[in-house]
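I have placed the structure first, in the form of C-alpha cells, so that the comments after it can refer back to it.
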Amino acid sequence: MIALALAILLSTDSVATSSHLIDEVVVVSVAGEGRKRSPKGQVASIDEHLAELSHVNLVRRGSYAWEPVVNNMQTERVSTTIDGMKIFYACTDKMDPVTSYVESGNLQSILLNSGLNGNPQSTGNIGGSLDLKLRKAGFNGDAFHLNASTGYETNGHVQVYGVDASTSSNRFYANGGAFFRHADNYKEGGGRKVSFSQFQKVNAFSNLGFRVTEQDVLEGTFIYDRATDVGYPALNMDVSKAEAFITSLAYRHQFDHPVFNTWETKLYYNHITHIMDDTTRPDVAIHMDMPGKSWTSGLYSLLTASKGSHDVQVNYDLYYNRLFADMTMYPGGAAPMYMVTWPDVGTLNTGVALTDLVALPHQQTVRVSAKIAQQWQKLNDEEGYHALRVFFPDMKDNYVQTTGRIAAIYTWQPSHWQLSFGTGWGSRAPTVTEAYGYYLNNTFDQYDYIGNPRLKNESAIELNGAVTWRPSTTFSLGADANAFFFSNYIIGQFENRLSAMTVDAEGVKVYGNLSHATIINTSLNAQWQALPWLTWNGKISYAAGRDDDSDPLPFISPFAYTSGIDVAWKRLHTRVEVRGNARQTDYAPKYGETKTAPWAIANLNATYTLPIRQTALTFRAGIENIFDKRYSTYADWCDIPQKGRNVYVNLAWEL
C-alpha cells in the first residue's frame with residue numbers, strides 16, 4: 001500500500017535521499033526538530049518513536065521490545081531492516097523484534113513504506129516495511145561534535161544515559177557512542193506494581209567513512225547491543241540475555257553521467273543470541289531453558305538512474321540466515337528432557353527489485369515497483385527434522401519457494417489537493433515458525449503450536465486510496481484507506497488429535513492455510529493552525545479483519561482517536577493530548593482474543609531549548625497518563641496493564 005496522503009514531505013537532507021519513495025518518517029536524532037518525533041526526543045525508546053508513525057501499532061508483552069504491527073499485520077507480514085540489512089529475531093516467542101537491537105543514539109530516522117510499497121531490500125512485506133536508518137556524521141561536517149543526554153521517569157525508576165561524538169572532514173568521518181537504559185518494575189494505574197517488568201540494556205556503536213576518491217566512498221558500521229534481566233509479565237518466562245553483533249561494509253560510487261546517479265553495494269553480517277529462562281519465577285512446575293540463535297550474512301547492490309521523466313532504482317539482494325532454538329526441561333527428580341523447537345533452518349534468499357517513478361504533466365506521477373525472489377531452505381538438525389516427520393511423514397529436509405510483488409500508484413497534486421490511488425499483489429513464504437516450529441507455547445491463547453512444512457505461500461491483493469485537502473497554509477484535512485484480500489492466509493488451526501506438551505496448555509494448533517481473509521484500514525486526520533503559536537491536530541482510525549468463516553481476525557485495532565493542541569512560544573513548545581480506543585466489540589474469541597474495555601488518557605509535555613554560545617541545552621518534561629487511568633489496549637498481550645501516571649524529565653546537551 002502506498003498511502004501518500006499521510007506522507008511527511010522531506011527536504012533534501014540526510015534523512016532520506018529518495019524522499020518520494022517514503023510513505024512516512026519519524027525523526028530520531030537531534031536534527032530535524034520540525035518533523036514528527038517523540039516528545040521525549042532522543043532519550044525516547046525505539047518503541048516510543050515507532051508509536052509516532054500513523055500506520056504502526058505495537059504488541060506489548062512487557063515494558064521492553066514491543067513488536068511493530070503495520071496495517072494491523074504482525075512480524076510475519078512486515079519486513080524490518082537496519083540500513084537495508086536483513087536481521088532475524090532469535091526468539092520463538094518474538095520477544096526480540098529487530099527494532100530491539102538498536103538505540104535512539106545511533107538512529108537518524110525510521111522510514112515506513114506501507115503495504116506492498118516496500119523498500120528495495122524488503123521481502124514478504126505484505127503489511128509494510130520499516131527501515132531503521134543509522135545516523136552517520138557524513139563528510140564536510142563539524143570537525144568535532146558531541147551529544148550527551150540523560151533522562152529519568154518516575155514510574156519504574158527508568159534511567160537513561162547516552163553519549164556520542166563525531167568528527168568529519170572532506171576525506172573522513174567517524175561517529176560513535178554508547179547508550180544505557182535501566183528500569184525497575186512499573187506500576188499500573190492505581191498504583192499496583194506489575195511484577196517482572198524490569199529490564200536493563202547497553203548499546204554501543206560506531207560508523208566510519210572514508211572517501212577514496214571524489215566519487216568513491218567506503219563506509220563501515222558496527223553495533224553491539226546487550227539486554228539483560230528483561231522481564232515479560234505477559235509470558236511464562238523472562239530473558240537473561242539478548243545480545244546482538246551487527247556489522248556492515250559498504251562501497252558507494254557517485255557517477256558523473258547523464259543517466260546513472262549512484263551505485264551502492266553493502267556486505268553485512270549479524271549474530272543474535274537470545275536466552276529465555278524462568279529461574280526468577282515463583283512456583284514453576286517444570287524449570288526450562290530456551291536459548292535461540294540467529295546468524296545472517298548478506299549483501300545488496302542498489303543502482304539509481306534518471307532519464308527524462310523517469311527516476312529508476314534497480315536492486316539485487318542476497319542473504320543467508322540460520323535459525324536454531326531448543327528447550328531443556330528439568331522435571332524435579334527426573335532426567336532432563338530435550339527438544340528442538342527450530343531445527344537449525346538455513347534459508348538462502350536472493351531477489352531483484354525494480355522501481356520507476358514517472359513524472360507526468362500537471363503535477364501527476366505514477367510509481368511502479370516490482371520484485372521477484374527465490375528462496376531455498378534446508379533443515380540441518382536431524383533430531384528436529386525427525387521430530388516433525390512424526391506428524392508429516394512425507395516431508396523433505398529442503399524446500400524451494402518463489403515469492404514476488406508488484407504494485408503501482410497514481411498521484412495527482414492540483415492546487416490545494418493531493419489525491420492518490422493504487423493497487424498491488426504480493427506473496428510471502430511461511431516463516432520458520434510457521435513451517436517448522438515444534439511445540440511452541442503461545443500464552444495468548446494457551447495453545448502449543450506446531451509448524452507445517454506443507455504450507456502454501458500466502459498472497460494478497462491490495463487496493464488503496466488517499467485524499468488530502470489543503471485550502472490554506474493553516475488547515476488540512478486528509479483521509480486514506482487500504483484493503484488487503486488474502487489467499488492462503490496462514491494462521492494456527494485447531495488439531496484435536498494431538499495432545500499439548502506444555503503444562504496448563506488447552507490443546508494444540510497446527511499452522512494451516514485459510515482459503516481467504518480480508519483486512520481493511522481507514523483513517524481521517526485534520527490539522528488547524530488557529531494562531532501563529534497555536535495548532536490543533538486530530539486523527540481517528542478504524543480497521544476490520546475477517547477470516548474465511550467471516551469471524552474476526554486477532555490483533556485488529558478497534559476505533560482509535562487522538563486529539564492534541566500544540567503551543568509554541570519562542571523557545572518553549574508544549575503539547576496536551578488525549579488519546580484512546582473505543583470498546584473492542586469486534587474481537588476474535590476463536591483465536592484466543594478477549595474483549596478490551598474502552599479507555600482514554602491525557603498526556604502533557606513541554607520542551608525548552610537554550611542556546612549557550614557554541615552549545616545548546618534542551619530540556620524536556622512531561623506527564624503521561626495524567627489521571628492515573630488503569631487500562632489495557634487491544635495489543636497488550638494477555639491484557640497486561642499499561643503504565644499508570646508517569647512523570648519524566650530529560651536533558652540533552654549538544655556541542
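The values are calculated or read from the model by the stated rules, or taken from the named source; none is laboratory data. Note that the structure is a prediction, hence the values are computed from the model and not measured. Virtual Cβ from ideal backbone geometry, glycine too; neighbours counted across all protein chains shown. In case anyone asks, the SASA skips ligands and DNA or RNA and just uses the protein heavy atoms, side chains included. Shrake-Rupley method; radii C 1.70, N 1.55, O 1.52, S 1.80 Å.
Report yes if some residue within the range 527-542 is touching a Leu at 6+ places or on another chain (Cβ under 7 Å), over 24 Å from Ser472 (Cβ atoms) and open to solvent by 70 Å² or more (accessible area, probe 1.4 Å); otherwise report no.
no
How many residues does the range 491-510 hold that are part of a strand (DSSP E or B) and open to solvent by 40 Å² or more (accessible area, probe 1.4 Å)?
Total meeting the criteria: 2.
What's the number of the condition Ile601 fails, among (1) out of contact with any helix residue (DSSP H, G or I) (no Cβ under 8 Å at 6 or more places or on another chain); (2) crowded, with 20+ Cβ neighbours inside 10 Å; (3) on the phi < 0 side of the Ramachandran plot; (4) outside any strand (DSSP E or B)?
(4)
Residue under question is Tyr152, and the condition is that it be more than 13 Å from the chain's Cα centre (by Cα), touching a residue at least 24 places away in the same chain (Cβ under 8 Å) and open to solvent by 40 Å² or more (accessible area, probe 1.4 Å); does it hold?
Yes, satisfied.
Tally the residues that are part of a strand (DSSP E or B), free of Cβ contacts under 8 Å to residues at least 40 places away in the same chain, over 25 Å from Glu243 (Cα atoms) and not charged (D, E, K, R), restricting the search to the range 167-211.
5
Assuming Leu610 fulfils every condition listed in (1) open to solvent by 60 Å² or more (accessible area, probe 1.4 Å); (2) in a loop (DSSP other than H, G, I, E, B); (3) free of Cβ contacts under 8 Å to residues at least 60 places away in the same chain; (4) of a type outside the set (S, T, N, Q) apart from one, which condition is it?
(2)
Within the range 332-389, track down each residue that is surrounded by fewer than 15 Cβ atoms within 10 Å (Cβ to Cβ), over 30 Å from Lys307 (Cα atoms) and of a type in the set (A, V, I, L, M, F, W, C).
If the condition is that a residue be surrounded by fewer than 15 Cβ atoms within 10 Å (Cβ to Cβ), over 30 Å from Lys307 (Cα atoms) and of a type in the set (A, V, I, L, M, F, W, C), then Ala334, Ala335, Met337, Trp376 are the ones that fit.
What residue, among those in the range 129-143 that are part of a loop (DSSP other than H, G, I, E, B), on the phi < 0 side of the Ramachandran plot and free of Cβ contacts under 8 Å to residues at least 60 places away in the same chain, is least open to solvent (accessible area, probe 1.4 Å)?
For the range 129-143, the residue satisfying everything is Gly141.
In the range 543-577, which residues are within 24 Å of Pro598 (Cα to Cα), open to solvent by 30 Å² or more (accessible area, probe 1.4 Å) and touching a strand residue (DSSP E or B) at 6+ places or on another chain (Cβ under 7 Å)?
Arg546, Phe559, Tyr561, Thr562, Ser563, Ile565, Arg575, Val576
Which pairs do you get when a residue that is β-branched (Val, Ile, Thr), found in the range 372-391, comes within reach of a residue that is open to solvent by less than 30 Å² (accessible area, probe 1.4 Å), reach meaning Cβ atoms under 9 angstrom, with the pair 6+ apart or on two chains?
Partner pairs satisfying both residue conditions: Ile372/Gly351; Ile372/Ala353; Ile372/Thr403; Ile372/Gly404; Ile372/Arg405.
Go through (1) within 30 Å of Asn155 (Cβ to Cβ); (2) buried (at least 24 other Cβ atoms within 10 Å of the Cβ); (3) of a type in the set (Ser, Thr, Tyr); (4) modelled with pLDDT under 95 one by one and return the number of the condition Thr123 breaks.
Every listed condition holds for Thr123 apart from (1).
Note down all Cβ pairs under 6 Å where the first residue falls in the range 319-342 and is without any contact (Cβ under 8 Å) to a residue 60 or more places away in the chain, the second is assigned to a loop (DSSP other than H, G, I, E, B) and surrounded by fewer than 19 Cβ atoms within 10 Å (Cβ to Cβ), and they're at least six residues apart or on different chains.
These pairs meet every condition: Thr328/Pro336; Met329/Ile286; Tyr330/Pro336; Pro331/Ile286.
Scanning the range 95-124 for residues that are in a loop (DSSP other than H, G, I, E, B) and under 12 Å from the mean Cα position of the chain (by Cα), which turns out nearest to Val230 (Cα to Cα)?
Asp96
Looking at Gly592, Gly622, Gly580 in this structure, which one is in contact with an Asp or Glu (Cβ under 6 Å, 6 or more places away or on another chain) and either open to solvent by less than 40 Å² (accessible area, probe 1.4 Å) or among the small types (Gly, Ala, Ser) (or both)?
Among Gly592, Gly622, Gly580, only Gly592 is in contact with an Asp or Glu (Cβ under 6 Å, 6 or more places away or on another chain) and either open to solvent by less than 40 Å² (accessible area, probe 1.4 Å) or among the small types (Gly, Ala, Ser) (or both).
Does Ser294 qualify as being polar (S, T, N, Q), at pLDDT 95 or above and crowded, with 17+ Cβ neighbours inside 10 Å?
Yes.
Within the range 613-642, track down each residue that is more than 24 Å from Ile556 (Cβ to Cβ) and not in a loop (DSSP other than H, G, I, E, B).
If the condition is that a residue be more than 24 Å from Ile556 (Cβ to Cβ) and not in a loop (DSSP other than H, G, I, E, B), then Thr615, Ala616, Leu617, Thr618, Phe619, Arg620, Ala621, Gly622, Ile623, Glu624 are the ones that fit.
Count, please, the residues in the range 181-240 that happen to be of a type in the set (A, V, I, L, M, F, W, C) and touching a Pro at 6+ places or on another chain (Cβ under 6 Å).
Counting residues in the range 181-240 that are of a type in the set (A, V, I, L, M, F, W, C) and touching a Pro at 6+ places or on another chain (Cβ under 6 Å) gives 2.
Going by what's in this entry, would Ser427 be described as hydroxyl-bearing (Ser, Thr, Tyr) and assigned to a loop (DSSP other than H, G, I, E, B)?
Answer is no for this residue.
Among the residues of the range 569-577, is any in contact with a Gly (Cβ under 7 Å, 6 or more places away or on another chain), under 30 Å from Gly177 (Cβ atoms), in a strand (DSSP E or B) and modelled with pLDDT of 95 or more?
yes
Could you check Gly465 against (1) modelled with pLDDT under 95; (2) in contact with a Phe, Trp or Tyr (Cβ under 6 Å, 6 or more places away or on another chain) and say which number it fails?
(1)
Looking at Leu111 and the list (1) open to solvent by 10 Å² or more (accessible area, probe 1.4 Å); (2) under 21 Å from Ser45 (Cα atoms); (3) modelled with pLDDT of 95 or more, which single condition is not satisfied?
Answer for Leu111: the failing condition is (3).
Can you work out which of the residues in the range 209-249 that are over 21 Å from the mean Cα position of the chain (by Cα) and small (Gly, Ala, Ser) is surrounded by the most Cβ atoms within 10 Å (Cβ to Cβ)?
The selected residue is Gly209.
Scan the range 85-107 for residues that are farther than 26 Å from Leu440 by Cβ and either aromatic (Phe, Trp, Tyr) or surrounded by fewer than 24 Cβ atoms within 10 Å (Cβ to Cβ) (or both) and jot them down.
Leu107
Could you list, in sequence order, all residues of the range 437-490 that are open to solvent by 20 Å² or more (accessible area, probe 1.4 Å), in a strand (DSSP E or B) and in contact with a helix residue (DSSP H, G or I) (Cβ under 9 Å, 6 or more places away or on another chain)?
If the condition is that a residue be open to solvent by 20 Å² or more (accessible area, probe 1.4 Å), in a strand (DSSP E or B) and in contact with a helix residue (DSSP H, G or I) (Cβ under 9 Å, 6 or more places away or on another chain), then Tyr449, Gly465, Val467, Ala479 are the ones that fit.
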